Every structure is written in C-alpha cells, then in structure tokens.
Amino acid sequence: MISLRLSKIKKEKQKVLFITGSRSEYNIIKDLFKKSLKDFDSKLLVHAGHMQKFYGNFYKEINKNFGKNSIFLKTNTGISNSKKQVSLSFANQVKKISSILIKQSPSLVVITGDRTESLAAACSCIINYVPIFHLHGGELSFGSLDEKIRHSISKLSSFHFVSHKRYKKRLIQLGEEKKNIKIIGAPSLNNLANNKNNLEYENKILRKKNLLNKDYVMVCLNSCLEKNETLNLSKKLFSFLDKVKITKLVTYPNPDLNNQFIIDELLKRKKKNDYKIYKYLGQDYHIFLKNCQFLIGNSSSGIIEAPYFNKLFVNLGTRQDGREYSKNSTIIIKNFDDLNSSLIKKINKKIKNKSTNLYFKKNTSSIFINGLKRAIKSNLLKKKFIDII
C-alpha cells in the first residue's frame with residue numbers, strides 16, 4: 001500500500017502557471033506553453049487586455065486553442081489608457097492573480113516581458129512566495145514605460161530566458177547569477193519555424209481580408225513614454241500614410257497610457273477604402289507580416305519578427321531605443337517631419353536588403369523545457385545579488 005502511494009506521488013507533475021495579459025505575450029509563450037504540457041501540469045492564466053471587447057476579445061481565440069488548460073480572469077478597469085485606469089487595473093490584477101496563486105499553488109510562474117500587467121503578476125508572485133521565470137529580460141526600450149518595468153521584473157525573478165547574448169550580460173550587470181540565465185532566442189520566432197502554414201491556408205487568410213495578390217503595408221503603432229511624442233507621431237504618421245497610394249493594414253495599439261491619440265487617428269480613417277483597421281490579427285498575424293511590402297510603426301515585432309521574413313521595418317520615434325536590431329533592413333525616423341515623399345525613396349532603396357536575424361535560435365523550446373526541469377529542483381526562493389568587482 002505504501003509503495004503504491006509513493007509511485008503515485010512520483011508521477012504527479014509539477015504545477016507551472018503561465019500568465020499572459022496582452023497579444024504580444026501570447027505569441028511569445030504559445031508554443032512554449034504547448035510543449036510544457038507534456039512534462040508539467042501547466043495552466044495558462046489569461047487576463048487584462050485579452051478579456052476586453054474594446055481590444056478584440058482575444059481570449060476567445062486562446063479558448064479555442066487551450067480552453068481546458070486555461071483560467072480566464074477579468075482584471076482591467078475601463079480601457080486602461082489613463083493613469084487612473086491603469087492604476088486601478090494594476091491593483092485589481094495584483095489582488096485577483098494572488099487569489100489564483102493561492103488556489104492553484106504552482107511550483108513556479110512564467111512571466112513575459114515588460115508591461116504593467118506583467119509587473120502586477122510579478123508582485124503577486126513575490127507576495128505569495130512563488131518563484132518567477134522571466135522571458136525577454138535584459139532588453140532596453142528607452143522610449144517607453146516598459147523599460148523600467150522590465151528591469152524591475154528581472155530583479156523579482158529567480159530564473160531568466162533571454163533572447164540575445166548581450167541581454168544576458170546586462171542581467172549579470174544587474175547582479176543576477178550566470179547559471180540562472182539561459183539564452184534561448186525569441187520564442188515567437190520558434191513558433192513561426194514550428195508552425196509553417198501551407199500556401200492554401202495562407203491564401204485563404206489573405207483572401208478573407210481581400211489582400212491576396214495585393215500590395216499593402218502593415219502599420220503597428222503603440223504609445224511612447226512622452227505624451228507629446230505619442231500625439232505628434234500619430235498625427236504625422238497617418239497624415240503621411242494618407243498620401244501613400246497603397247493599402248494600409250493597421251492594428252489597434254496595446255492598452256497603454258495615451259493610446260487614445262492613436263485610436264482617434266484610426267477612427268478618423270475607419271471608412272477610408274485604403275485603410276483596413278483591426279483590433280487584432282490573431283494567430284495569423286505572421287501571414288500578414290510575411291506578405292506585406294514593409295512594416296512601419298514602433299512595435300517590437302519590427303525588431304524581432306520582421307527580419308525573420310526579410311521585411312523592412314521603418315522604426316518611428318524612441319519607443320524601441322536601445323534594442324539590438326537589423327541595421328541593413330531598418331530605417332530609423334526620429335524627426336517626424338521626415339515622414340514625407342523622400343522616405344518612400346529610402347524605402348524603395350532599402351526594401352531588397354537582406355535582414356540580419358539576431359534573435360532566431362533553433363532549439364528555443366528544448367532549452368526552455370530543460371531549464372524548467374532543472375531549475376524546479378532548486379530552492380528558487382533564495383536569491384543572491386552577485387557583485388561585479
């Protein structure tokens with residue numbers, strides 16, 4: 001009888017909770033979560049912007065893929081784009097995620113990136129003594145609030161999966177232990193490599209949006225750290241795009257402070273025939289990126305995913321300042337008066353350049369899963385600050 005009980009205990013899988021509150025996070029962890037189900041009792045906590053109709057009810061798509069392994073939680077107040085709403089949402093997220101942690105008792109939590117909802121999740125974990133495994137730490141983005149949040153989450157975390165060797169060095173500068181940092185590349189690129197669509201499906205998706213065999217540009221713009229930069233950039237960008245005779249495929253911004261400036265510009269163009277505006281493009285986002293002429297905006301997708309498809313990225317403003325990027329296939333625009341006809345000439349000259357792919361690594365998923373297996377056996381709650389002398 002005793003031996004039977006012991007064998008059952010040995011077969012029990014460790015509980016791992018993945019937390020996602022935004023579409024960008026989900027695209028990063030989707031494949032990692034799927035792979036983890038084999039070795040762990042994994043759950044996906046879905047909250048914040050995913051649960052809001054205003055941002056497209058993205059949770060419905062997640063439910064189709066991982067419904068039985070997911071926990072859905074409404075945590076955002078309003079549309080979370082003012083200081084008051086973001087603050088109330090943050091407090092609500094800490095409270096509600098804490099209740100889930102108490103109920104689920106996971107061995108560890110996987111958190112991605114640098115958003116306020118990620119920081120709220122990290123705070124909940126610290127309060128409830130749950131070790132944090134952090135993805136995409138050590139990066140820089142001086143022109144957004146994400147910059148400070150990312151480093152804060154890194155210091156709260158026990159283990160790190162970074163996308164580039166330079167980011168590992170930066171975490172070491174922050175006092176993190178080398179043995180607790182693994183370079184895995186960008187998981188979103190691993191998703192693309194593992195989930196190649198066939199041409200028939202690709203054409204079907206493009207046909208649905210009336211984009212099959214048509215030239216179009218993708219526009220992905222999010223809020224900047226400075227209110228005036230967001231206001232100025234959104235006005236100048238869409239005024240420029242109005243004059244460009246090509247279809248514009250535009251996605252809504254993330255739920256961030258001051259995103260209303262961007263949304264206001266989108267609403268003005270809602271009925272224009274040359275604009276196709278969507279709250280999100282879902283798991284088929286990469287199909288549209290693969291087939292566009294170029295990407296313009298300030299999304300990290302231009303830094304990480306665009307080079308995978310050898311696409312030119314026109315990077316606007318300061319939001320992505322500090323990140324490693326493909327210099328031969330990226331155009332940096334800081335002066336928004338440069339959004340004029342001469343930019344089209346620059347794009348045409350550079351559009352055929354070969355991208356430098358800085359973030360792709362073939363064995364991302366296996367490094368991640370093996371890292372979880374090894375680290376879960378350690379005492380992850382104890383953490384040293386390693387001084388560099």
Do we find a residue being of a type in the set (Lys, Arg), within 26 Å of the chain's Cα centre (by Cα) and open to solvent by 50 Å² or more (accessible area, probe 1.4 Å) anywhere in the stretch 308-317? no
Restricting the stretch 37-58 to residues that are buried (at least 18 other Cβ atoms within 10 Å of the Cβ) and over 19 Å from the mean Cα position of the chain (by Cα), the one farthest from Cys125 (Cα to Cα) turns out to be Phe40
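Residue-wise test of (1) over 23 Å from Lys53 (Cβ atoms); (2) of a type in the set (S, T, N, Q).
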{"site": "Asn228", "(1), (2)": "yes, yes"}
{"site": "Lys235", "(1), (2)": "yes, no"}
{"site": "Leu241", "(1), (2)": "yes, no"}
{"site": "Thr251", "(1), (2)": "no, yes"}
{"site": "Pro255", "(1), (2)": "no, no"}
{"site": "Tyr278", "(1), (2)": "no, no"}
Restricted to the stretch 178-212 and to residues being more than 21 Å from the chain's Cα centre (by Cα) and farther than 17 Å from Asp284 by Cα, the residue least open to solvent (accessible area, probe 1.4 Å) is Asn180
Picked from the stretch 323-332 (must be open to solvent by less than 60 Å² (accessible area, probe 1.4 Å) and out of contact with any helix residue (DSSP H, G or I) (no Cβ under 7 Å at 6 or more places or on another chain)), the residue nearest to Ala306 (Cα to Cα) is Thr330
(Q) Considering only the stretch 237-248, I want to know if a residue exists there that is in contact (Cβ under 8 Å) with a residue 12 or more places away in the chain, open to solvent by 10 Å² or more (accessible area, probe 1.4 Å) and within 22 Å of Gly56 (Cβ to Cβ). (A) yes
The one condition Asn194 fails out of (1) modelled with pLDDT under 95; (2) in contact with a strand residue (DSSP E or B) (Cβ under 9 Å, 6 or more places away or on another chain); (3) among the polar types (S, T, N, Q) is (2)
Of the residues in the stretch 344-389 that are small (Gly, Ala, Ser) and open to solvent by less than 50 Å² (accessible area, probe 1.4 Å), the one that is farthest from Phe159 (Cα to Cα) is Ser355
Heads up, the strands (runs of 3 or more DSSP E) in the stretch 9-123 (entirely inside) with at least 2 residues that are under 24 Å from Ser154 (Cβ atoms) are 15-20, 41-46, 108-112
(1) in contact with a Gly (Cβ under 6 Å, 6 or more places away or on another chain); (2) open to solvent by 30 Å² or more (accessible area, probe 1.4 Å); (3) at pLDDT 95 or above; (4) not hydrophobic (A, V, I, L, M, F, W, C) all hold for Glu61 apart from (3)
Glu265 vs (1) out of contact with any Ser or Thr (no Cβ under 9 Å at 6 or more places or on another chain); (2) crowded, with 18+ Cβ neighbours inside 10 Å; (3) not aromatic (Phe, Trp, Tyr): all pass except (1)
If we ask which residues in the stretch 306-324 are in contact (Cβ under 8 Å) with a residue 60 or more places away in the chain, out of contact with any His (no Cβ under 7 Å at 6 or more places or on another chain) and outside any helix (DSSP H, G or I), their number turns out to be 8
Taking the stretch 20-30 and keeping only residues that are open to solvent by 10 Å² or more (accessible area, probe 1.4 Å) and either out of contact with any Lys or Arg (no Cβ under 9 Å at 6 or more places or on another chain) or of a type in the set (Phe, Trp, Tyr) (or both), one is left with Arg23, Asn27, Ile28, Lys30
Residue pairs within 8 Å by beta carbon, gap of at least six or interchain, first lying in the stretch 288-301 and touching a residue at least 24 places away in the same chain (Cβ under 8 Å), second in a loop (DSSP other than H, G, I, E, B) and acidic (Asp, Glu), listed first then second, are Leu289/Glu305; Gln293/Asp215
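Report, by residue number, each residue of the stretch 342-362 that is in contact (Cβ under 8 Å) with a residue 12 or more places away in the chain and either of a type in the set (Val, Ile, Thr) or under 27 Å from Lys243 (Cα atoms) (or both).
Scanning the stretch 342-362 gives Leu343, Ile344, Lys346, Ile347, Lys350, Ile351, Asn353, Thr356.
The values are calculated or read from the model by the stated rules, or taken from the named source; none is laboratory data. Given the structure is predicted, the values throughout are model-derived calculations rather than measurements. Here the Cβ is made from the backbone with ideal geometry for all residues, glycine too, and neighbour counts use every protein chain on show. Remember, those area values only see protein heavy atoms, side chains included, never the ligands or the DNA or RNA. Shrake-Rupley method; radii C 1.70, N 1.55, O 1.52, S 1.80 Å.
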